[in-house]
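Structure record follows, encoded as structure tokens.
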Amino acid sequence: MASDWLGSVVSINCGLTLGVYQGEVASVDQARQTISLRQPYHNGIRCPVPEVTFSATDIKELKFLDIQNSSNKTSVGQGAGTEHSSMPSGHGGQNNRSAHPHSTSSNTAPVTILRRAPTGVANSRGPTQATPKKNAVRNGGAGGSMRPKDDECFGDGTDEGLDTDFDFEGNLALFDKAAVFSQIDGGVRHGNRARPRSTPNERTPSRYRHDENILEGKPVVYRQITVPQHGGKEYCTDSGLVVPSVSYELHKRLLLAAERQGLSLERRLEMTGVCSSQMALTLLGGPNRLTPKNVHQRPTVALLCGPHVQGAQGISCGRHLANHEVEVILFLPNFVKMQESVSNELNLYSKTNSKQVASIKDLPASPVDLVINCLDCHENPLLREQSWYQSAADWANQNRAPVLSIDPPVCGQHQAIEAKWTLSLGLPLPLAESEGRVYLCDIGIPKLVFQEVGISYHSPFGCKFVIPLHSA
């Protein structure tokens, strides 16, 4: 009878495609010619399903590893072959069953494992596995009225494979160590090229920072600006570019050529005011001090200006500083005659409601945060001899505040006000070391304007409008 084989442990060979299964015989269906194994193992690995069903036509070989029925053991020991009558006829009989393992063979088509009817959520397992049977415990008890949260959220199979015994020896056999190490030693090939492993004697490639270009290009030319006559001094930028100084005569010719091309004095004043105010804001602390939460400690800047273009540049700078919530105090004496550019800038400055004084007595007695010096003039050095100039210079030297000088002239003697920083426009003049650290401001002169006065020019500013210069 078919029930005589229940509980026996068998091994079923399904060919190279599906492999070998072992397990305990759970049921034999003579009508459908099927056999089912419980707690099956597939190629030595525990299956994630509790039961697998096979068709007799798909079995290549069947071996009995352990026969649980006592009567069967006796008859097998006697060599009888009648016990196979209870198995599906498709399994085929064998006369020699006196020794274990017992086997049968069949020359049939490739294995097709019969699936049990799926229940619940659709199953996505491969065609070689049967759908596991649901038991009452997993479904919330005998009544099945309560289901675990995992089943409700994720459906079947959430704990599949947790009890699987991993076949370490079989998995290790799939790893061809010799081939892998041979590939590493020989290099990974891309087409007809190979990248061999480096040896200790080989030169290691250069290491690049994230902001460096790894592509080799043309050598950098550090002298990209040439002037028709040497100005007497050379500077260099942080990146090493050489910036030669120019004489005041050449600088004046450059500005006149720019005006002829449309870069008017008003445009230059605005550009100078923006760049110099940006530098001043940085010197005052930048974002660390100029914040909405720090309105009770607004920085104070004293602006010393004369009645000339340099003074107009300073007034433009003061207007932009006032627009950025800096407290600006403008010192400008009451001159009988002032240039039109000074009057225009003074009119705009008055719209900021910032303070303007004409006497040194009205300047703060306590130190301010920054003094901006625009007293000097390129065209009229005799202004230094006037009383208002000397009084303003004395106040600046006694205030003990750092001084930023904008566009100072070249003087053969010591400057009346010692500056910590100096801002030059376009190209630097050959300033003395007492002028402090030199910065260069881009006032927007086009390249062809430089060429018009004989200067071969490539911008040294990069992404900035104000850059520091170092003595070469």
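The values are calculated or read from the model by the stated rules, or taken from the named source; none is laboratory data. Please read these numbers as outputs of a predicted model, since none were measured by experiment. Glycine gets a Cβ as well: all are built from the backbone with ideal geometry, and neighbour counts include every protein chain shown.
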Determine if region 388-402 includes at least one residue that is in a loop (DSSP other than H, G, I, E, B), touching a residue at least 40 places away in the same chain (Cβ under 8 Å) and on the phi > 0 side of the Ramachandran plot.
-> no
Among Pro446, Pro460, which is the only one that is farther than 22 Å from Asp238 by Cβ and either basic (Lys, Arg) or assigned by TED's automatic domain parsing to the domain that holds Gly314 (or both)?
-> Pro446
Somewhere in region 342-351, is a residue modelled with pLDDT under 95 and charged (D, E, K, R)?
-> no
Members of region 1-29 that are among the polar types (S, T, N, Q) and either under 21 Å from Glu169 (Cα atoms) or in contact with a Pro (Cβ under 6 Å, 6 or more places away or on another chain) (or both) = Ser11, Asn13, Thr17, Gln22
Residues in region 369-386 that are more than 50 Å from the chain's Cα centre (by Cα) and farther than 16 Å from Cys305 by Cβ: how many?
-> 3
Select from region 305-345 the residues that are farther than 19 Å from Ser405 by Cα and part of a helix (DSSP H, G or I) and list them in ascending order.
-> Asn323, Glu340, Ser341, Ser343, Asn344
Could you look through region 221-256, keep only residues that are of a type in the set (Phe, Trp, Tyr) and either crowded, with 18+ Cβ neighbours inside 10 Å or in contact with a His (Cβ under 7 Å, 6 or more places away or on another chain) (or both), and pick out the one that is nearest to Asp211 (Cα to Cα)?
-> Tyr235
In this structure, is Leu423 touching a residue at least 40 places away in the same chain (Cβ under 8 Å) and either assigned to a loop (DSSP other than H, G, I, E, B) or surrounded by fewer than 19 Cβ atoms within 10 Å (Cβ to Cβ) (or both)?
-> no
Filtering region 281-324 down to residues that are under 22 Å from Leu382 (Cβ atoms) and of a type outside the set (A, V, I, L, M, F, W, C), which residue is surrounded by the most Cβ atoms within 10 Å (Cβ to Cβ)?
-> Gly314
Within region 234-257, is even one residue among the polar types (S, T, N, Q) and at pLDDT below 90?
-> no
In this structure, does Val371 turn out to be surrounded by 17 or more Cβ atoms within 10 Å (Cβ to Cβ), in contact with an Asp or Glu (Cβ under 8 Å, 6 or more places away or on another chain) and under 25 Å from Ser424 (Cβ atoms)?
-> no
Go through region 7-37 residue by residue and tally those that are surrounded by fewer than 16 Cβ atoms within 10 Å (Cβ to Cβ) and within 15 Å of Asp66 (Cβ to Cβ).
-> 1
Quick check, is His230 in a loop (DSSP other than H, G, I, E, B), in contact with a strand residue (DSSP E or B) (Cβ under 9 Å, 6 or more places away or on another chain) and at pLDDT 65 or above?
-> yes
For region 290-302, what are the residues that are in a loop (DSSP other than H, G, I, E, B) and at pLDDT 85 or above?
-> Arg298, Pro299
